[in-house]
Amino acid sequence: MQPQTTDPHGPLRTAGTSVLSGRGLVKRYGAQHALAGVDIDIQPGEAVAIVGPSGSGKTSLLHVLAGILRADAGEIHLAGQRIDQLGETRRAELRRTEFGFVFQSGMLVAELSAEENTALPLLLGGSARKPALTAARRWLDRLGLGGKEARRPGELSGGEAQRVAIARALAHEPRVIFADEPTGALDTRTGRDTMNALLNAAAETGAAVVIVTHDRDLADSVPRTVAIRDGRIDAGGAAA
Ligand SMILES: Nc1ncnc2c1ncn2[C@@H]1O[C@H](COP(=O)(O)OP(=O)(O)O)[C@@H](O)[C@H]1O
Ligand SMILES: [Mg+2]
């Protein structure tokens with residue numbers, strides 16, 4: 001278990017022990033501060049829920065941490081190494097190898113089967129087709145999708161499609177999985193099951209998970225909660 005923190009600056013930890021840390025992160029859109037100076041530390045294998053109302057900066061934080069967006073100020077370290085100053089090619093490579101992504105509604109490739117979708121990050125990473133598909137099938141099986149490997153996204157339920165997205169995020173065994181409202185398009189029960197599937201699968205590989213949600217009930221199933229409001233960590237709003 002990781003200790004919970006409600007300290008706005010997080011506990012004093014050296015960058016070396018965190019798998020991912022952000023310091024003084026600022027992101028502006030014109031005069032609008034989407035992030036107004038955020039410090040966050042994610043420990044290896046830890047699951048963290050980022051909660052906050054719509055427009056509070058959750059997606060901006062996720063995208064900045066993952067290197068999808070560049071921050072206007074601040075530093076990001078992955079396993080102790082600064083990554084925010086890397087060039088676009090190297091950042092894209094990190095996103096493909098060290099990070100996995102689950103979005104609100106899958107973002108699966110409609111023309112590809114479940115197993116091809118799952119294998120995609122491995123194939124893009126240079127893996128040969130056969131071992132990539134074997135690994136993909138293993139992950140689909142673990143996520144309860146055995147027998148549905150050949151289906152296309154349109155032939156899967158919303159919950160099943162999100163499990164494919166989870167399998168895809170995990171197949172290359174990333175260090176950190178980012179999930180932005182992964183259950184936002186699902187009913188409550190399926191959402192809860194999908195959240196559990198994500199947490200369990202990540203625990204199996206030792207990946208840390210950063211899950212954005214505006215659903216307090218779902219956040220309660222995640223060991224640590226970080227609340228964000230108006231682009232700042234909201235110590236008062238974090239789970240006690
Ligand atoms: N591409 C953009 N252009 C302009 N403003 C943006 C853009 N993306 C986000 N914002 C603004 O930044 C703030 C934070 O947005 P966001 O990070 O998407 O919040 P959340 O994910 O919590 O809903 C909001 O006020 C939003 O309107
Ligand atoms: Mg968002």
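If the Cβ limit is 6 Å and pairs must be 6+ apart or interchain, which residue in region 46-69 that is under 18 Å from Ala219 (Cβ atoms) pairs with which residue that is assigned to a loop (DSSP other than H, G, I, E, B)?
Final answer for the pair search is Glu46/Gln2; Ala47/Val222; Ala47/Pro223; Ala49/Val222; Gly57/Gly231; Lys58/Gly52.
Going through region 199-232 one residue at a time, which ones are assigned to a helix (DSSP H, G or I) and under 30 Å from His33 (Cβ atoms)?
Arg216, Asp217, Leu218, Ala219
State whether one or more residues within region 188-210 are within 16 Å of ligand 1 (Cβ to nearest atom) and either open to solvent by 20 Å² or more (accessible area, probe 1.4 Å) or over 16 Å from Val164 (Cα atoms) (or both). Even if it seems obvious, please write down each step before you answer.
Going residue by residue through region 188-210, those that are within 16 Å of ligand 1 (Cβ to nearest atom) are 210.
Of the ones still in play, those that are also either open to solvent by 20 Å² or more (accessible area, probe 1.4 Å) or over 16 Å from Val164 (Cα atoms) (or both) are 210.
Within region 188-210 (the criterion being within 16 Å of ligand 1 (Cβ to nearest atom) and either open to solvent by 20 Å² or more (accessible area, probe 1.4 Å) or over 16 Å from Val164 (Cα atoms) (or both)), the answer is yes, since at least one residue qualifies.
What number goes with the only condition from (1) in contact (Cβ under 8 Å) with a residue 60 or more places away in the chain; (2) of a type in the set (A, V, I, L, M, F, W, C); (3) open to solvent by 10 Å² or more (accessible area, probe 1.4 Å) that Phe178 does not pass?
(3)
Of the numbered conditions (1) touching a helix residue (DSSP H, G or I) at 6+ places or on another chain (Cβ under 8 Å); (2) touching a residue at least 60 places away in the same chain (Cβ under 8 Å), Leu199 fails exactly one; give the number of that condition.
Here Leu199 meets the rest and fails (1).
Scan region 114-133 for residues that are loosely packed, with under 13 Cβ neighbours inside 10 Å and at pLDDT 95 or above and jot them down.
Of everything in region 114-133, those that are loosely packed, with under 13 Cβ neighbours inside 10 Å and at pLDDT 95 or above turn out to be Ala128, Arg129, Lys130, Pro131.
Can you tell me which residues in region 170-187 are away from ligand 1 (no atom under 16 Å from the Cβ) and either modelled with pLDDT of 95 or more or not in a helix (DSSP H, G or I) (or both)?
The answer is Ala171, His172, Glu173, Pro174, Arg175, Val176, Ile177, Leu186, Asp187.
State yes or no: is Val164 farther than 21 Å from Met107 by Cβ and not in a strand (DSSP E or B)?
No, not satisfied.
Scan region 22-33 for residues that are surrounded by fewer than 21 Cβ atoms within 10 Å (Cβ to Cβ) and within 14 Å of ligand 1 (Cβ to nearest atom) and report the count.
Of the residues in region 22-33, 7 are surrounded by fewer than 21 Cβ atoms within 10 Å (Cβ to Cβ) and within 14 Å of ligand 1 (Cβ to nearest atom).
Within region 34-54, can you find the residues that are modelled with pLDDT of 95 or more and either touching a Phe, Trp or Tyr at 6+ places or on another chain (Cβ under 8 Å) or near ligand 1 (Cβ under 8 Å from one of its atoms) (or both)?
Ala34, Leu35, listed by residue number.
The values are calculated or read from the model by the stated rules, or taken from the named source; none is laboratory data. A quick note: this is a predicted structure, and the numbers were derived from the prediction, not measured. Cβ atoms come from the backbone with ideal geometry, glycine included; neighbour counts cover every protein chain shown. All accessible areas refer to the heavy atoms of the entire protein, side chains included, with ligands and DNA or RNA removed. Shrake-Rupley method; radii C 1.70, N 1.55, O 1.52, S 1.80 Å.
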